[in-house]
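Values in this text are rule-based calculations from the coordinates and carry no lab data. Treat the numbers as computed from the prediction; the structure is a model and nothing was measured. Ideal geometry is used to build each Cβ from the backbone, glycine not excepted, and the neighbour counts take in all protein chains shown.
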Amino acid sequence: MSIIAIVMISSGLFFMAVSALGLITLPGLYTRAHAVAKSETFALLLVLTGMFFHPDVDFGAAIRLVFILIFSMMANPTAVHALLRA
């Protein structure tokens, strides 16, 4: 289980780095926001899922991670869309 957690968290960190690189290199506001919203949401999904599979996480922490994951999967794309519409 620890290997699964390490692989998922490392993959999430890779996608966060790709998100930061896209924020720096892409030309327009909308392309930057699109790249950051998609890759950051997927990276957060991978990191939180990797933390869920970590052997030291107890049941209460796992439930909190699931709630954080559900909220962030709904809030992140919605917040980026609202920010671009403003």
query = Between Ala61 and Ala17, what FRET efficiency follows from the Cβ-Cβ distance if R0 is 30 Å, with the result rounded to 0.05?
reply = 0.70
request  = Estimate the FRET efficiency between Ile68 and Leu29 by the formula 1/(1 + (r/R0)^6), using the beta-carbon distance for r and 30 Å for R0, to the nearest 0.05.
outcome  = 0.60
inquiry  = Restricting the calculation to Cα positions, tell me the Rg (one decimal) and the Dmax (whole number) of the range 12-61 in Å.
reply    = 13.9, 44
remark   = If the chain between Ser2 and Arg85 were fully extended at 0.36 nm per residue, the gain over the current Cα-Cα distance would be 25.7 nm
